[in-house]
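The values are calculated or read from the model by the stated rules, or taken from the named source; none is laboratory data. On a predicted model such as this, the values are computed, not experimentally measured, just so you know. Cβ atoms come from the backbone with ideal geometry, glycine included; neighbour counts cover every protein chain shown. Keep in mind that these areas ignore ligands, DNA and RNA; they rest on the heavy atoms of the full protein, side chains included. Shrake-Rupley method; radii C 1.70, N 1.55, O 1.52, S 1.80 Å.
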Amino acid sequence: MKKVLVLHGPNLNLLGTRQPEIYGHETLEDINNGLFEQAALAGWEIACRQSNHEGELIDWIQGARLDGTAAIIINPAAYTHTSVAILDALNAFEGRVIEVHLSNVHQRESFRHRSYVSLRADGVIAGLGSQGYRAALDAVMAAER
Ligand code: CA2
């Protein structure tokens with residue numbers, strides 16, 4: 001069974017509780033449940049993880065190199081704009097990488113316009129809210145068919 005890993009970065013555990021005008025009303029659990037359903041229908045295995053810690057995200061990316069994960073969908077949240085370490089970990093992963101942002105980062109403060117992760121990502125989706133994760137999952141599953 002093909003496997004995909006979905007990683008959510010810092011503060012995304014707060015989704016649905018604050019700033020709904022930017023990040024929407026859905027909780028992270030709502031988003032993950034939808035992705036589980038979508039993956040199961042296509043016969044894919046999926047793991048969804050969230051961490052507020054850079055090193056933990058890196059450990060999971062490194063783990064995906066070794067366990068046959070075909071693709072990583074990642075919303076690195078604020079680490080998008082700061083983390084060379086996450087970029088390096090993704091550069092060592094050989095499968096597909098899709099970067100997702102709920103908000104349109106290009107419409108926001110200039111410090112959100114730079115993404116280290118985009119240097120590695122095969123695709124980037126921003127501004128579509130939770131629909132962005134579903135589009136990313138469709139894209140990785142279609143690419144492996
Ligand atoms: O738009 C996105 O998905 C972001 O990755 C979200 C990050 C932000 O730093 C990026 O620039 C863009 C922030 C995630 C914080 O999530 C919260 C959710 C609800 C309440 C508070 C924070």
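For segment 110-145, how many residues meet the condition of being polar (S, T, N, Q) and open to solvent by less than 80 Å² (accessible area, probe 1.4 Å)?
Residues in segment 110-145 being polar (S, T, N, Q) and open to solvent by less than 80 Å² (accessible area, probe 1.4 Å): 3 in total.
Kindly indicate the residue of segment 4-15 that is near the ligand (Cβ under 9 Å from one of its atoms) and farther than 17 Å from Leu128 by Cβ and also farthest from the chain's Cα centre (by Cα) among those meeting that condition.
Filtering segment 4-15 for residues that are near the ligand (Cβ under 9 Å from one of its atoms) and farther than 17 Å from Leu128 by Cβ, the one farthest from the chain's Cα centre (by Cα) comes out as Leu14.
Of all residues in segment 33-54 being of a type in the set (S, T, N, Q) and open to solvent by less than 60 Å² (accessible area, probe 1.4 Å), which is nearest to the chain's Cα centre (by Cα)?
By that ranking, first place goes to Gln50.
May I ask you to list the residues in segment 55-98 that are free of Cβ contacts under 8 Å to residues at least 60 places away in the same chain and either open to solvent by 60 Å² or more (accessible area, probe 1.4 Å) or touching a His at 6+ places or on another chain (Cβ under 6 Å) (or both)?
Glu56, Asp59, Gln62, Arg65, Leu66, Thr82, Val84, Asp88, Asn91, Glu94, Arg96
Restricting attention to segment 8-26, does a residue exist that is at pLDDT 95 or above, β-branched (Val, Ile, Thr) and either out of contact with any strand residue (DSSP E or B) (no Cβ under 7 Å at 6 or more places or on another chain) or open to solvent by less than 80 Å² (accessible area, probe 1.4 Å) (or both)?
no
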